[in-house]
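Report on the following structure.
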Amino acid sequence: MSDSASDVVIAGAGPYGLSTAAYLQNIGLDVRVIGEPMRFWDENMPLGMYLKSEPAASSLGAPQAGMRFTDRHPGWRVGHPIPLETFVEYGRWFAAEAVSGTEDAQVVNVEQRGAGGYRVTLSSGETIAARAVVVAVGVGPFAHLPDQLAGMPSWLVSHSSAHSDLGLFAGKEVAVVGAGQSALETAVLLADAGARPHLIARRRVLDWNTVPEENRPLRSRLLEGPRSGLGTGYRTWVWAERPGLVRYLPERTRQRIVRETLPPAGAWWLRDRLDERIRVSTGRRLAKAVEQDDGIALTTTDHDGRRLVTEVEHVIAATGFVPDLERLALLSPELRGRIATRLGAPVLSRDFEASTPGLYFAGLAAAYTFGPVMRFVHGSDFAARRIAHHIVRRTPRVRVPVGRPTGLLEPGASQR
Ligand SMILES: Cc1cc2nc3c(=O)[nH]c(=O)nc-3n(C[C@H](O)[C@H](O)[C@H](O)COP(=O)(O)OP(=O)(O)OC[C@H]3O[C@@H](n4cnc5c(N)ncnc54)[C@H](O)[C@@H]3O)c2cc1C
């Protein structure tokens, strides 16, 4: 298929890709958005799941008014968990209303062009010459398996993000490794589906979030700090609402806050559902996994070094996502080699731009730079605004007043 040209190609149509597209298209740029809207949420999260983020912290970013989750669902306030399918529907509604056209394809290769810009190859075979590329491929490529489980066959070991329908495990003995919301909810949903889950967690005690209060007394607001998209507290408010400041913190501090803000804990509404149907072993570290005829034997050790062997038919590792540029196979090896990284993640400018001009990273890949909010939908508005503003300033035929947020331009106003 022949070459075409575009101002911007966005790889991925999840919350970050769609938000960035909404801002860029609003100022009249020619943007190709590659990916089916909300595919990861639809295909890689378990049926029956609820979001842990509150309705007010679950909005995609758009320059137009009326596009927030709570605009779509007025009346959903603090303490109203959002079902997965409601959020997928919201994301697709957002795509239909705020983004003109997404393409159900994959970006299979991105390489630098000699004269500046990038050549992007799609799964359809089409190549696009683009001035700028936004990599918004989400968490999927970064699914993390502990070393002990890596390399095991997929019928024995899988990552939690490999499943939408946990009904496949009905009647089976399944170990779930992890202690965060994903592990706890996977264990509960497995039990609901008729499986026999065994939760294995490294921490000695499972942590649970408390029920958020809708109307907090002034005293509690002063003492504990304001509520934000990441929870309650003064510092948490900064990480959630001013991620631009996080970038100026020392690298070790940024790493720590990414690690420690919202540490593994279950949502308050899940607590009662983790009942006697689920065997729970806490304080156990995974030491070894051995394939057997009809399953897998997991050896774990407790804090005193005592060993325990657990035999199950399958292991689901709900062990999170770790950004690693080397796993982004859509970037050509040459391009990957040119991008400056720290701890496996791209080093980004204040505008989310990598060391190769015109290449931007949004979402989890930006978390070591802009902090923990980049792990959540709540960060999408900030990322989208910054990226759009920067691309627009760099695009010759588009004139935006210096320092003016792109979102202030009229919806649909073309600057050409
Ligand atoms: C089980 C689970 C529960 C979660 N719950 C919450 C929650 O309650 N609240 C919250 O804020 N966050 C939650 N998160 C985190 C959530 O994943 C991120 O906040 C959010 O998805 C980030 O949006 P994104 O656009 O970066 O990524 P994604 O939503 O993953 O979107 C990226 C998209 O890119 C597509 N893609 C990948 N590669 C390519 C390619 N080469 N070409 C084209 N498209 C590609 C993917 O299919 C995907 O649809 C949860 C994560 C998990 C795993």
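Post the alpha-carbon centroid distance, the range 169-198 to the range 48-114, in whole angstrom. Answer, in whole Å: 27. In whole angstrom, note down how far apart the Cα centers of the range 251-295 and the range 321-388 are. For the range 251-295 versus the range 321-388, the Cα centre distance is 26 Å. Normalised Debye scattering of the range 43-144 at q = 0.16, 0.19 Å⁻¹ gives log10 I(q)/I(0) of -0.90, -1.07, counting only Cα atoms as equal scatterers and leaving out solvent. Along the charge dipole of the range 233-335, which of 244, 274, 328 sits closest to the positive end, that is, farthest toward it, with unit charges on the beta carbon of Lys, Arg, Asp and Glu (+1, +1, -1, -1)? The residue sitting farthest along the positive end of the dipole is 244. Loop sites here are chymotrypsin sites (Phe, Trp or Tyr not before Pro) outside DSSP states H, G, I, E and B with no more than 13 other Cβ atoms within 10 Å. The longest part of the chain free of them is 249-416. Structure remark: mean-square fluctuation, Gaussian network model of the chain, C-alpha springs under 10 Å; the largest value among 91, 61, 167 belongs to 167.
Residue-normalised convex hull volume from the C-alpha trace of the range 98-256: 258 Å³ per residue. In the chain, taking the dipole from charged Cβ atoms about the Cα centre, the farthest positive-side position among 26, 76, 191 is held by 26.
Which percent of Cα pairs goes in each bin when the distances of the range 333-391 are cut into 10 angstrom slices starting at zero? Percent of Cα pairs in each bin: 25, 55, 19, 1. Here r is the Cβ-Cβ distance between residue 97 and residue 297 and R0 is 35 Å; the resulting FRET efficiency, rounded to 0.05, is 0.10. Taking N as the residue count of the chain, its C-alpha radius of gyration divided by 2.2 N^0.38 Å amounts to 1.01.
Just add up the charged neighbours of residue 237: K/R +1, D/E -1, any other residue whose Cβ is under 13 Å from the Cβ of residue 237. My count for the surroundings of residue 237 gives +2. Once the Kirkwood radius over Cα pairs is known for the range 199-355, the Stokes-Einstein relation at 25 °C and 0.890 mPa s delivers a diffusion coefficient of 123 µm²/s. With R₀ fixed at 25 Å, the C-beta to C-beta distance from residue 4 to residue 43 puts the FRET efficiency at about 0.35.
Only protein heavy atoms count here; on that basis, with a 1.4 Å probe, residue 381 has an accessible area of about 50 Å². Pull out the extension gain between residue 123 and residue 276, defined as 0.36 nm times the separation in residues minus the alpha carbon to alpha carbon distance; nm, one decimal. Separation in residues times 0.36 nm, less the Cα-Cα distance, equals 50.4 nm. Kirkwood's formula applied to the C-alpha pairs of the range 242-291 gives a hydrodynamic radius of 15.1 angstrom. Normalised by residue count, the range 71-120 yields a Cα convex hull volume of 151 Å³ per residue. Estimated purely from DSSP H runs of n ≥ 4, each contributing -39500 (n - 2.57), the mean residue ellipticity at 222 nm for the chain is -7000 deg cm²/dmol once divided by its residues. Contact order, relative form, for the chain: 23 percent (alpha carbon pairs under 8 Å, 6 or more residues apart, mean separation divided by residue count).
Across the range 224-319, the relative contact order, built from alpha-carbon pairs under 8 Å that are at least six residues apart, equals 12 percent. Of all beta bridges DSSP finds with both residues in the range 124-280, what is the antiparallel percent, to the nearest 5? Just about 20 percent of them are antiparallel.
Per residue, the chain exposes an accessible area of 45 Å² to a 1.4 Å probe, with every protein chain left in place.
Once the other residues with Cβ under 10 Å from the Cβ of residue 79 are scored (Lys, Arg +1; Asp, Glu -1), what is the net sum? Value of the local net charge: -2.
The values are calculated or read from the model by the stated rules, or taken from the named source; none is laboratory data. Since we're looking at a predicted model, the values are computed, not measured. Don't worry about glycine lacking a Cβ; one is built from the backbone with ideal geometry, like all the others, and counts go over all protein chains shown. Please note that ligands, DNA and RNA were not included when accessible areas were found on the heavy atoms of the full protein model with its side chains. Shrake-Rupley method; radii C 1.70, N 1.55, O 1.52, S 1.80 Å.
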